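Step one of this worksheet: look at the structure below.
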């Protein structure tokens, strides 16, 4: 059954704060094979003008994961998780995610469309500090494969 | 730093093996078994275990960060996930070949870098690009 477009514009309550640590950034950077000192060495990051080590551009996916799960498992949305495929992803960084940040995520459903039996859901997650400073806007388009698709 | 439209970034080749997928699963907290369990992958119609799309996206971003020096200069990064990267259970793994080129000057101190990532000669990320601060 196609997803109901009535959910376009739906917003979710802010997540619990996520504490960004140097060690989690290091673990993530090493897992993607990144070697930039800005990820690994606080002094090197400071020399580049950052407050502390910064996170790789796709690290925001870790920060927003719990929030995205809230959308995916929203009982009213009735999204069949077993049929969900990640269609596309975009990160707009208002500034880099930095060790020491306390970040809050707010998810919004920006679009629901259907094409050739598949549903496409665009989720926008606004990541900001607990003080309200915008940090990253993450947009994920999820494809829910249709029964016959 | 002055950057001309048309500049090609130094190419990058990354080999992804099963162990890399397990490691990324742990670091990213994405434990979907299609990224480490052959049986689950085949049950849902995949030829074998596949890399996380987000891992391929992350690996491809390295071409920009290694070129620009300060990865904090990457103000936007986006892509569509075109094809999966299939990772066999052997010592070779899957080779992802990344290229990138400056395609536009936004004339606000940022440029657009188009990125391609190929596996077995076919594109795996579609429309991948980064907007990078150079001024």
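The values are calculated or read from the model by the stated rules, or taken from the named source; none is laboratory data. As the structure is a computational prediction, the values presented were derived from the model and not from experiment. Heads up, the Cβs are rebuilt from the backbone with ideal geometry, glycines too, and the neighbour counts pull from every protein chain shown.
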Inset, instruction - Out of the residues in the stretch B:12-24 that are more than 8 Å from chain A (Cβ to nearest Cβ) and within 23 Å of residue B:64 (Cα to Cα), state the one that is surrounded by the most Cβ atoms within 10 Å (Cβ to Cβ). - result: B:21
Legend entry - Extreme residue, farthest from the other protein chains (Cβ to nearest Cβ), among residues of the stretch A:93-110 that are in a strand (DSSP E or B) and surrounded by fewer than 16 Cβ atoms within 10 Å (Cβ to Cβ): A:102
Inset, instruction - Answer yes or no as to whether residue A:132 is part of a loop (DSSP other than H, G, I, E, B) and either more than 12 Å from residue A:12 (Cα to Cα) or more than 14 Å from chain B (Cβ to nearest Cβ) (or both). - result: yes
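Here's the yes/no breakdown for (1) free of Cβ contacts under 8 Å to residues at least 12 places away in the same chain; (2) loosely packed, with under 14 Cβ neighbours inside 10 Å; (3) farther than 25 Å from residue A:48 by Cα:
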residue: B:52; (1), (2), (3): no, no, yes
residue: B:77; (1), (2), (3): no, no, no
residue: B:95; (1), (2), (3): no, yes, yes
residue: B:100; (1), (2), (3): no, no, no
residue: B:121; (1), (2), (3): yes, yes, yes
Legend entry - Within the stretch A:46-91, considering residues that are free of Cβ contacts under 8 Å to residues at least 24 places away in the same chain and assigned to a helix (DSSP H, G or I), the one surrounded by the most Cβ atoms within 10 Å (Cβ to Cβ): A:65
Legend entry - Hits in the stretch B:36-62 (condition: in a helix (DSSP H, G or I) and at pLDDT 95 or above): B:38, B:39, B:53, B:54, B:55, B:56, B:57, B:58, B:59, B:60, B:61, B:62
Inset, instruction - Would you check if residue B:132 is under 11 Å from the mean Cα position of the chain (by Cα), in contact (Cβ under 8 Å) with a residue 60 or more places away in the chain and within 14 Å of chain A (Cβ to nearest Cβ)? - result: no
